[in-house]
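Scroll down for the structure; my scribbles are underneath it.
What follows is calculated from the coordinates using simple rules that are stated; it is not laboratory data. On a predicted model such as this, the values are computed, not experimentally measured, just so you know. We place every Cβ from the backbone using ideal geometry, glycine too, and count neighbours over all the protein chains shown.
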Amino acid sequence: MNLAATGMAAAVAIAVLTALLAVVVRTRTSVVGVGTALTGVAAVVAGAAALAGGSFSVVLPGVLPLSGVSLTLDPLGGLFVAVTGGVAVAAGIYSMSYADTPDLRARGVRVALPLFVVAMVLVPAAANVGTLLVCWELMALTSLVLVVAEHRRGPQVASAGRWYAVMTHLGFVSVLIGLMLFVAHTGDDSFAAMREAGRHLSPAVAGVVFVATLVGFASKAGIVPLHAWLPRAHPEAPSHVSALMSAAMVNLGVYGLVRVGVDLLGGGAAWWWLLVLALGAVSAVYGILQAAMSSDLKRLLGQSTTENMGLVLIGVGAAGLFASSGDRALAALALTAALVHVVGHAAFKTVLFLAAGSVLHATGSRDLDALGGLRPVMPVTTAAFGVGALAASALPPGTAFVSEWLLLQALIHGLPAGGVAAAIAMPVAVAAVALTAGLAVATFVKAFGVGFLAKPRSEAVAGAHESPFTMLAAMGIAAVVCVVLALWPAGILPAVQAAAGGVAVSGDVTLRLNQATGALSPLLLTLGLVAAVAVVAAVMRAAVARRVRREARLWDCGGGPMSARMEYTATSFAEPLQRVFDDVVQPELDVDVSHHEESRYLVQAVEYRRKVPDRIERRLYQPVLSVITAWGRAGRGLAPGSVHRYLGYGFYAVCGVLLLLAVTR
Amino acid sequence: MSALGVIGGVVQPVLIVAGSPLLVGLMRQVRARLEGRAGAGVGQPWRDLRKLLRKERIAPRGTSEVFRFAPLVLVATTLVVAVVVPFVATESALDPVADLFAVVALLALGAVALALAGLDTGTAFGGMGASREMTILALVEPTLLVAIFALSVRVGSTNLGAIVSSTLHDPARVISPVSLLAAVALIVVIVAETGRIPVDNPSTHLELTMVHEAMVLEHAGPDLALVELASAMRLSVFLGLLANLFVPWGIATEATPLALLIGVLALVVKVGVLGGLLAAGEVFVAKLRLFRVPELLAGSFLLALLAVAASFFLA
Amino acid sequence: MLSLWRKIRRTGRVAESAPPLPDGERPERAVVLGGSVQIRHVDAGSCNGCEVEIGSAFGPVYDGERYGARLVASPRHADALLVTGVVTRNMAEPLRRTFDAVPAPKLVVAVGDCARDCGVFAGAYGVAGAVRDIVPVDVEIPGCPPRPEAIVEGLRKLTGR
Ligand code: SF4
């Protein structure tokens, strides 16, 4: 048994043990948290070992009927296992005190947490279709339990759970159909055999397999138009679960796509990847646009997950496109960019969700319009969220800046290489990435500036307090990882490139592209920035005559005092953007003006309501939902509750079957 | 790190810090003369800065360190850009930072710091300015990046030194459709980014029409001096970037005193002429309504996209 | 656009040549400012006659800006307050707050007879007093309304240019 195998075994053993313990005895929440974190540690070890070259495989034929369990950890899987493990460490530690509420102490919830983590760890290690599907389903079910854990909070939690359950299972069915079709043509459900046979599939079959699995995997990754569950489930889930789902689970959609499309099917046609790229571009822009309008902190983060997965898909799509035109080096660069973004996104989204959870814990609110003024009362949480927001907004020194730089490099160098398809796709992709980057800046300035700075906008915030130590520690760990990734991306490059299957970027302090000219050094950039700040500060100290700051009241035009209601809120912050993108988001505005009894000319109150509905959702899902509802209503007529009627149905059904048999035989 | 790069890295920031208030003075003077006024003289911005440094520091109640550090960060980002971008010499002191994307992102970082400071005050004006600034930034970013894309495709690199040197060696490129389209797109976004008419009016007194000014209404004394210096520096950095991306001639390619002197003079002349033209142009247009600005920016975005298309189909 | 250009060319420079520097002592704190005075205008209750004259003092003909004075939008940016009109009851507190918002060293210029000694409004029921009753005044510019030359002259005492 090598290190990777030991790590995997340990992860599974710890998780199952924790779950069993939670079933059998009334364990404390902290025990489950520690168990989950240890599972994560084991997974990180296993993943890192696999990335370093120590892959392993085991086949356990007896565990599952039909195909048995078959596990292999190669570098690609190892990367996702390690990322999942890392998120689980932070989430586990965080849950030690966060999950100490009546709702989250429920036995089912305590059991589900470690099982959810281990399912996510096993998915990238699955080496046959049976194992993959079982783990996939286990992941879906355990996460569903966790999403609805706080169902007592209101009906919206149950509704989110329903959306999640339906969408995730439709996705599962889609993956199932695709893989079954694939297996039907290969005759063996082990990935090794499928990899061999995948290259000889007819283009039509391969195309159908790809599209079917793409639909399933894209729905897991929250890609537009299959994203509808994501902005519902992520905000309603407990925050450490949101972190696990948003930073680890959605990645597995990308993993599935790369595994099936690139690995098993061996690349395929250019249109596959153009489709992926287009989906990615639409998701990135649409996701961040929705996030920019959102005033619910966790919903905003969920929508930003759609955006980030979109960016990843742009990279994956570009990689596939380059590979299909034979440019392996560029393909490796694009895939590296995508995977670096996966890692970076996992890190900063963990910080952001955990910090949002900390805010929720302290204030009971996640409505940005009611937050603000958290800086004095929750300094650590504010700092952590600040680090995460900087990382998420593609500004230096942040992680997303590095990965988006790599992505843009791949796209720029792909233009001359790829023919007319690339000539159209690349500029559009760059435009999408650029628009996303700009809107992401606005979004996270809003989230941080309105949510944490300024003055409290409600009573609840004024009485807030900093969270307990374990929560802060979890945020701290994730924030440190964010900073390290931002300053020294070369640290994960060997691992990522092992997973991407090609070395496109090298360097230590400075990242250099191997096949093209281009270099970037986040560390030097940051050092330069720090040095510049120091120089300016020193010069100011020397030049300024009066050092003491006089405290003065805020400039309120001499009137005042200014109440918190006069502050800009998240809604008002986003208003100009909402106007600019009016045609895309189509907000619903509602202005009610009521007048005094005595005179119509005197305004008594003005009420302003704004809702930014998800337009894609309304266009695509509403019709389907109404058809299903209509169908259900029609079906209800068949079930009046009369036993005779039901016996009659049985009788006619049997007759029908017999008739059918008589005719066909 | 070459000798030329190091010298450039020292000369450029000094030149930009010393020269950008003069540029603002020059632009005000040009405007004043066109309006029939006498003007306060080219040195007035420096006098303003000297006075601001002598004034008292103010900490508005309820603001955090974000408010206090924002001006520092704003100046620092611009200073780093002034060090790395090839303004006077083709080589950069920190070559791995002299990437167009990095430079654009650094400048955006400065704007973000100021917007956060605006939000941190918790006044209605601060929030309003931050919101507007971020809206404009979100729309400017795509145009900038796509225009950069168009310029770097033909060079095969986003490194600024590489782009400038390649233009030096192949002058015909300057009048290609790609360059012209990208140049127009860049000019529009530079006007928007530096807060000039018709996007923003730097000398407005109406809070409701402000963008940049509204964010800094709370800054006083030395903090305000930093903000004013930084916005002047940003203006010269953007104009210098525009000048050297399209008309790099005169820039020093070797580390001799004469070449460097010519490089400095060329930069001063180019930026001065561009600034003068910009100021003169401002006399002829009125400020746009805030919600007309996106149309302008969308137009420039289309131009940038056209430039990319041209770079592929005309190559 | 062309017609505007032609007009600019035809009009040329309208600013009058600068009169000699006014004598009379300069407030001590104005010397520190070194030829740059940012001004925040406060209307404490004027009839707007003074505002019209301030407007023309900064117009092309008198061009107050050439002496280093500039109107700004926030008292935080200002060195001097330019107060017009009698201080009404409602404006007394805002005026005090505006004065407080200005970072030191700061100066106050009272423009017009109302600002100096309540002018025609002296004794009216809504009047809290002249500007000097509310905040310390450094320079007073008499006139109802004062001529733009007088305003420019008063400002030049601050800028020293
Ligand atoms: S001084 Fe004369 S012009 Fe000025 S406010 Fe008083 S009444 Fe009006």
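Roughly speaking, what is the centre-to-centre gap between the range A:619-644 and the range B:220-248 when only Cα atoms are used, to the nearest Å?
Cα centroid of the range A:619-644 versus Cα centroid of the range B:220-248: 65 Å apart.
Considering the Cα positions of chain A, please state its Rg to one decimal place and its Dmax as a whole number of Å.
26.5, 105
Report, to two decimal places, the Cα Rg of the range A:269-503 normalised by 2.2 N^0.38 Å (N = number of residues).
This ratio for the range A:269-503 stands at 1.07.
Hey, which lysines would be in cross-link range of C:Lys7, C-alpha to C-alpha under 26 Å, not counting anything within fewer than 8 residues on its own chain?
Of all the lysines, those that pass the test against C:Lys7 - Cα under 26 Å, at least 8 places apart if same chain - are B:Lys287.
Amide H neighbours of C:Leu71 under 5 Å, at least 5 residues apart or on other chains, H built in the peptide plane: list them.
Excluding prolines and chain starts, which carry no amide H, the hits are C:Ile39.
Tell me, what ³J(HN,Hα) does each residue in the range B:13-22 have, in order and in whole Hz, if you take phi through Karplus 6.51 cos²θ - 1.76 cosθ + 1.60 with θ = phi - 60° and put x for Gly and Pro?
Working through the residues one at a time gives x, 4, 4, 6, 5, 6, x, 5, x, 5 Hz.
Can you work out the Karplus-derived ³J(HN,Hα) for every residue in the range B:206-217? Use 6.51 cos²θ - 1.76 cosθ + 1.60 with θ = phi - 60°, whole Hz, and x for glycine or proline.
Coupling constants for the range B:206-217: 8, 4, 6, 9, 7, 10, 5, 4, 4, 5, 9, 4 Hz.
In deg cm²/dmol, rounded to 500, what helix-only [θ] at 222 nm does chain B give when every DSSP H run of at least 4 residues adds -39500 (n - 2.57) and the total is split over its residues?
Helix-only estimate at 222 nm: -24500 deg cm²/dmol.
Quick one: length gained pulling A:Thr517 to A:Ala545 fully straight, 0.36 nm per residue minus the C-alpha distance?
Roughly 5.3 nm would be gained on extension.
Taking each residue in A:454-467, count the Cβ atoms of any other chain within 10 Å of its Cβ, then average. What number comes out?
Partner-chain Cβ atoms within 10 Å, mean over residues of A:454-467: 2.
Count, for each residue of C:98-105, the Cβ atoms from other chains sitting within 10 Å of its Cβ, then give me the mean as a whole number.
Counting Cβ atoms of other protein chains within 10 Å of each residue's Cβ and averaging gives 6.
May I ask for the equivalent-ellipsoid semi-axes of the range C:41-159, computed as the square root of five times each C-alpha gyration tensor eigenvalue and listed largest first in whole Å?
Over the Cα atoms of the range C:41-159, the semi-axes work out to 21, 17, 11 Å.
Over the Cα atoms of chain B, each weighted equally, I'd like the Debye log10 I(q)/I(0) at q = 0.08, 0.10, 0.16 Å⁻¹, rounded to two decimals.
So the normalised log intensities work out to -0.35, -0.55, -1.43.
Give me the inter-chain shielding for B:98-105: mean count of other chain Cβ atoms within 10 Å, whole number please.
6
So which lysines can C:Lys157 reach, going by Cα to Cα under 22 Å and dropping same-chain residues fewer than 8 places off?
Excluding near neighbours in sequence, the set is B:Lys51, B:Lys55, C:Lys106.
Per DSSP H run of at least 4 residues, take -39500 (n - 2.57); add these up for chain A, divide by its residues and hand me the 222 nm value, nearest 500 deg cm²/dmol.
After summing the helix terms and dividing by the residues of chain A, the value is -23000 deg cm²/dmol.
Rounded to the nearest 500, what is the 222 nm mean residue ellipticity of chain C from helices alone, with -39500 (n - 2.57) per DSSP H run of 4+ residues and division by all residues?
Helices in chain C give a 222 nm mean residue ellipticity of -10000 deg cm²/dmol.
For the range B:1-85, take N as its residue count and report Rg(C-alpha) divided by 2.2 N^0.38 Å.
For the range B:1-85, the normalised Cα radius of gyration is 1.43.
Determine the principal axes of the Cα atoms in the range B:196-315, then give the extent along each, sorted from largest to smallest and rounded to whole angstroms.
50, 45, 24
7 Å from Cα along Cα→Cβ at both B:Ala3 and C:Ile8: what's the point-to-point distance in nm?
4.6 nm
What are the residues whose amide H is under 5 Å from the amide H of B:Ala93, where those residues sit 5 or more places off or on another chain and H is modelled from the backbone?
Excluding prolines and chain starts, which carry no amide H, the hits are B:Gly9.
Within the P(r) computed for the range A:615-664, what percentage of the Cα pairs occupies the region above 14 Å?
69 percent
Of the DSSP beta bridges with both residues in the range C:41-159, give the percent that are antiparallel, rounding to the nearest 5.
Approximately 15 percent, going by the DSSP bridge assignments.
If you take the C-alpha gyration tensor of the range A:216-293, multiply each eigenvalue by 5 and take the square root, what semi-axes do you get, largest first, in whole Å?
Semi-axes, largest first: 25, 16, 8 Å.
For a bin width of 10 Å, list the pair-distance distribution of the protein assembly as shown built from all Cα-Cα distances, rounded to whole %.
Taking every Cα pair in the protein assembly as shown, the percentages come to 2, 10, 18, 21, 19, 14, 9, 5, 3, 1, 0, 0, 0.
Given H placed on each backbone N at 1.01 Å, which residues far from A:Arg550 in sequence or on other chains put an amide H within less than 5 Å of it?
For A:Arg550, the qualifying residues are B:Arg57, B:Ile58, B:Ala59.
What is the fewest-to-most order of A:Ser239, A:Ser143, A:Ser30, A:Ser174 by other Cβ atoms lying within 10 Å of their Cβ?
A:Ser30, A:Ser174, A:Ser143, A:Ser239
Among all the lysines, which ones have a C-alpha under 24 Å from A:Lys611's C-alpha, if same-chain residues fewer than 8 places away are not counted?
Leaving aside lysines fewer than 8 places away in the same chain, those within reach of A:Lys611 are A:Lys298, A:Lys446.
Going through the range A:557-651, which GluC sites (Glu not before Pro) have at most 16 other Cβ atoms within 10 Å and a DSSP loop state?
A:Glu597, A:Glu598
Based on the mean of other beta carbon atoms within 10 Å per residue, what is the order of B:239-246, A:153-160, most packed first?
Answer by packing, highest mean first, reads B:239-246, A:153-160.
Less than 20 Å from a label point 7 Å out along the Cα-to-Cβ axis of A:Ala537: which backbone N atoms in the range B:223-248 qualify, by residue?
In the range B:223-248, the label zone of A:Ala537 (backbone N under 20 Å from the point 7 Å along Cα→Cβ) covers B:223-230.
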